[in-house]
Each structure stands twice: as C-alpha cells, then as structure tokens.
Amino acid sequence: MIESRSIHGCLGNSNMAVQAGRGIPQGGGLSPNVWSLIADSLLKWLSKQGVYDQGFADDGVAVVIGCFLTTLCEIMQRVFKGIECWCMERELSVNPSKTEMMLFTRRYKVERVSPIIFYGKERNIWGSFLTRNYHGNCM
C-alpha cells in the first residue's frame, strides 16, 4: 500500500530502523478508509453467505441467526474457513485469540456440537440464556 516508509524503535540504549514493505500505518487519518476498501470484498462475501456483517476500522462482526444449533455451527465453520481463505489470498491474517463466538438462546440446555476450528485451533462458544427480562447467565 505505502512505499518508502521506515519504522523506528528503541529499547534502552538500542535503536533500530527497518523499512516497512507493506501495511497501513496505525493511527493514520486514512488508515480506516483504506482498510475498509480492502475488507469490502470480505464483507460482500459474508453477506452472500447469509451472514449479517459489519466492519469498522480493523474490527468486524458476523451474526448468524437460525433455529438449529448444528446448522448454525456448520455455517460458522464455513464462514471461518472462508475468512481464512480470504486472508491467505491477500497475505493477511486474523488473530484467533481475539476472535470470540457467543450463542444467545432461550433454551436451558444446549445440545453438544462439533467444535468450531479457526486457524487450526478450537474456538469456545460462550453461551447466554435469555429470558423476557433479558437476564444472561454463562453456560
């Protein structure tokens, strides 16, 4: 994206400067807009998968709605695999440790499902039981 950019750092008495070969400067005025242009194709792909998605700066959210937990998990697995492929094609990555999944349900007991795999690691699904008064309890 940007050429001829150097990154400087120091630790104690040591200083180092390297040339940045790619990337967008963090905190730059145009950075969120440039990232939005890059991520637009991912957001369009997610929409075609029947997923509600939103992106802001370098963050995103994907919402899958349905009646059957196994089907929802299959869709989420396909979505995560698609995100991995999209990133690999562009030599980008997503930090799996910053990726969370949350299940909202009215059921007291949720059936066991296959784990969701993202970048080779199992991801936990956080669960909340919702009542008419909107009280959430972790499962």
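Structure values in brief
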quantity	calculated
Difference of contour (0.36 nm per residue) and Cα-Cα distance, Ser41 to Phe104	19.9 nm
Gain in span if fully extended, Val34 to Ser6, counting 0.36 nm per residue against the direct Cα distance	8.2 nm
Candidates Arg123, Arg78, Arg106, ranked by Gaussian network fluctuation over the chain, Cα under 10 Å, top entry	Arg106
Spacing of the two label points (7 Å from each Cα toward its C-beta) at Glu111 and Gln77, in nm	1.4 nm
Label-point separation, Trp126 to Val94 (7 Å along Cα→Cβ), nm	1.7 nm
Ratio of the Cα radius of gyration of the chain to 2.2 N^0.38 Å, where N counts its residues	1.35
Under 24 Å from Lys121, Cα to Cα: lysines that are on another chain or at least 8 residues apart	Lys81, Lys98
Accessible area per residue in Å² at 1.4 Å probe, computed on the chain	79 Å²
Sulfur and carbon atoms: percent of accessible area, the chain [1.4 Å]	56 percent
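The values are calculated or read from the model by the stated rules, or taken from the named source; none is laboratory data. Only a predicted model underlies this, so the values are computations on that prediction, with no experimental measurement involved. All Cβ positions, glycine included, derive from the backbone under ideal geometry; neighbour counts span all protein chains shown. SASA here: full protein model, heavy atoms, side chains in, ligands and nucleic acids out. Shrake-Rupley method; radii C 1.70, N 1.55, O 1.52, S 1.80 Å.
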